[in-house]
Amino acid sequence: MRLDRTHVRIRERNVLEILDLTFQILRAYWRPFAILTFLGALPFALINHWLTAWLLNNEVGGSDLPMSFMWHQTLLVFVEAPLASLLLTTYLGHAVFDETPGLSKMVGDILRGFGKILWAVLFLRGVALLVLVMVFATLDGGTWSPWRVIIVSFLITIVYLLRVFRPFVLELIVLEQPRWRSSDPQHPSFGQRSGQIHNSAAGVLLGRGMLFTVVACTMGWMVFGGIYTVAGMFAHNWYPEGWMMTVVWSGSLWVVVGYMTVVRFLNYLDVRIRQEGWEVELLIRAEAQKLSESLT
């Protein structure tokens, strides 16, 4: 790994620069982005189709969108996104430093921290709470009373705040591979490292998290709306049914997951740069690496 050869210039960036750089990375790495997003999303998309296809009720008339199907698909993708984005996150960590890792290396990196990943996904990313939300929402045939709406909304808000204030737990596990427990201050444990990178940037993370949420929602509707409009013009069918929902809506959600994975990774780099002077550290470590190689 050549620490002084990065495909992304290591410097501080604002939110608009992060969003713009994301599109530039997608243009340069569109093939691995498409492949890894597809591989990560495919098993979950099939499971989601099996769980929600029955919600597409052909008896619903007019031009109403099948909101129940769209809501449950969105909630499922929100649950699964951390696991589905692991391959892409691992690839980005290597690609920044001019490496092209194979699939076996990426899977190996994930498996080495799989215990921490599972714990982080279930609790720090709120998947356990979201599963509770989905079970709770289907009780009594899914009848929605005011108190049920309040409880479900409260639980989803908690999960959202967990993800906003602790967005980089998977990046820390997969890319930095901290120890689960450590008494060495030079090698902090996972909990200590998570506190170091998240606590001092809480305000920045909250503001950016809310903005990125708006971007994700807008992008999802733009992707789906664009395909829906083109398909309606050619097929002369403006009722959202069949493949338009099962393929296009689901695909739009997973495209947004892939895009926001890159955004989150660049946000992770930016926070480290601001907190640790990472650009200077990389230069020093690169020079030390070159000196060590010249002496051996």
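A few remarks follow.
- Isotropic mean projected area of the C-alpha convex hull, the stretch 139-234 (nm²): 11.0
- Along each principal axis, Cα extent of the stretch 166-280, largest first, Å: 66, 25, 22
- Residue-by-residue Karplus 3J(HN,Hα) for the stretch 262-267, coefficients 6.51, -1.76, 1.60, Hz, glycine and proline x: 5, 4, 5, 5, 5, 5
- Less than 5 angstrom separates the built amide H of R179 from those of F190, all sequence-distant by 5 or more or on a different chain.
- Label-to-label distance, H236 versus V107, with points set 7 angstrom from Cα along the beta-carbon direction: 4.9 nm.
- Whole-Hz couplings from phi, Karplus 6.51/-1.76/1.60, listed for the stretch 219-230; x for Gly and Pro: 5, x, 5, 5, 5, 5, x, x, 5, 4, 5, 4
Every number in this text was worked out from the coordinates using simple rules, so none of it is lab data. What you see is a predicted model, and the numbers here were worked out from it, not measured in a lab. Glycine gets a Cβ as well: all are built from the backbone with ideal geometry, and neighbour counts include every protein chain shown.
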